[in-house]
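> Dumping the structure here so I can ask a few things about it.
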Amino acid sequence: MPAEVTGTLYVVATPLGNLEDITVRAARILGEVDRVLAEDTRRTRRLLTHLGHNTPTLSVHQHNERGRIEQVCRMLEEGQNLALVSDAGTPAISDPGFPLIRAVLAAKLPVIPIPGACALTTAVCAAGLPTDRIHFIGFLPTRPGRRRTLLEEALSLKATLVLYASPHKLIKDLKLLVEIAGAERPACLCRELTKVHEEFDRASLGDLLERWEGKKVRGEITLVVGSEPKTR
């Protein structure tokens, strides 16, 4: 008997903001799969329309991801090819995707990454801080005790630290970073990567806090923090 043919889950990176950052391979895959699993179907529909695709979508986000696992595995077992995307960048990197990908692999179904844009690598390569050792922690936990413990552990490493920050928690995060790492620790605040108002603010943590406190902060933010105090 011929081997049973199953579908493939493609983990597809999409642009952070600039639509020109879609790769040729990603654009092709999004047009060829049977369905796109999207964090926000409306946002993904705009990207698909830009690419000239009318591929059907299915919502998979942090609130329903675990409930979708059985359905997605069944679709793959039936031979459907699926593409998993987040709102921007690479799925499962501080975005939905990891529980689903793990379950698909556990079911011995194929998962293929389609690499491309990622806020982590985009920020690090232009921050001007060492890149030989990088420690990534994504968004900080909401619980104060856990936030502090995680940062203390991360900042004790001899590695450049990368974390994501939401606009309404940026000052809170900077204050905690200054308290633990010191005001002289070098850092880079990366905002709205690849978009019209892209900004790289390279300074000490203390200077960044002073500069941004009181501002109305907008957009997605990635903080890159050096492993050693700033020397004058």
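The values are calculated or read from the model by the stated rules, or taken from the named source; none is laboratory data. Everything numeric in this text was worked out from a predicted model, so none of it was measured. With ideal geometry, Cβ positions are generated from the backbone for all residues, glycine too; neighbour counts draw on all protein chains shown.
> Six or more apart or on different chains, Cβ under 6 Å: which pairs go from a residue in the stretch 68-93 that's over 16 Å from Arg35 (Cα atoms) and part of a strand (DSSP E or B) to one that's small (Gly, Ala, Ser) and at pLDDT 95 or above? Could you list them?
Sorted first by the residue in the stretch 68-93, then by its partner, the pairs are Gly89/Ala117; Gly89/Ala119.
> Go through the stretch 181-220 residue by residue and tally those that are among the β-branched types (Val, Ile, Thr) and either over 18 Å from Ala126 (Cβ atoms) or touching a Phe, Trp or Tyr at 6+ places or on another chain (Cβ under 7 Å) (or both). Don't jump to the end; show me each part of the working.
The initial filter retains those residues of the stretch 181-220 that are among the β-branched types (Val, Ile, Thr), namely 194, 196, 217.
The next check asks that each one be either over 18 Å from Ala126 (Cβ atoms) or touching a Phe, Trp or Tyr at 6+ places or on another chain (Cβ under 7 Å) (or both); those that pass are 217.
Number of matching residues: 1.
> For the stretch 111-133, which residues satisfy the criterion of being over 23 Å from Pro96 (Cβ atoms) and either without any contact (Cβ under 8 Å) to a residue 40 or more places away in the chain or aliphatic (A, V, I, L, M) (or both)?
In the first step, residues of the stretch 111-133 are kept if they are over 23 Å from Pro96 (Cβ atoms); the result is 125-133.
Within the stretch 111-133, Cys125, Ala126, Ala127, Leu129, Thr131, Asp132 qualify.
> Taking Thr90 as the residue in question, decide whether it is surrounded by fewer than 20 Cβ atoms within 10 Å (Cβ to Cβ) and at pLDDT 95 or above. Break it down stepwise before answering.
Details: surrounded by fewer than 20 Cβ atoms within 10 Å (Cβ to Cβ): no; at pLDDT 95 or above: yes.
Criteria not met by Thr90.
> Which of (1) in contact with an Asp or Glu (Cβ under 6 Å, 6 or more places away or on another chain); (2) in a strand (DSSP E or B) is the odd one out, the single condition Val11 does not satisfy?
Status for Val11: all satisfied but (1).
> Within the stretch 130-215, considering only helices (runs of 4 or more DSSP H) that don't extend past its boundaries, which have at least 1 residues that are touching a Pro at 6+ places or on another chain (Cβ under 7 Å)?
Numbers: elements: 144-155, 170-181, 205-212.
Answer list for the stretch 130-215: 144-155.
> Still on this model: Please determine whether any residue of the stretch 115-132 is of a type in the set (A, V, I, L, M, F, W, C) and closer than 30 Å to Met75 by Cα. Can you show your working first?
Our first condition is that a residue be of a type in the set (A, V, I, L, M, F, W, C); within the stretch 115-132, this holds for 117-120, 123-127, 129.
Those left that are additionally closer than 30 Å to Met75 by Cα: 117-118.
Yes, the stretch 115-132 contains at least one residue that is of a type in the set (A, V, I, L, M, F, W, C) and closer than 30 Å to Met75 by Cα.
> Considering the stretch 188-232 alone, what residues qualify as being buried (at least 16 other Cβ atoms within 10 Å of the Cβ), hydrophobic (A, V, I, L, M, F, W, C) and under 22 Å from the mean Cα position of the chain (by Cα)?
Cys188, Leu189, Cys190, Leu193, Val217, Ile221, Leu223, Val224, Val225, listed by residue number.
> Does any residue in the stretch 136-147 that is outside the structural domain of Ala92 (by TED's automatic domain parsing) come within less than 6 Å, Cβ to Cβ, of a residue that is at pLDDT 95 or above and of a type in the set (Gly, Ala, Ser) six or more places away or on a different chain, and which pairs are these?
Short answer, once both residue conditions are applied: Ile137/Ala154.
> Of the conditions (1) over 24 Å from Cys118 (Cβ atoms); (2) assigned to a helix (DSSP H, G or I), Pro229 satisfies every one except a single condition; which number is it?
(2)
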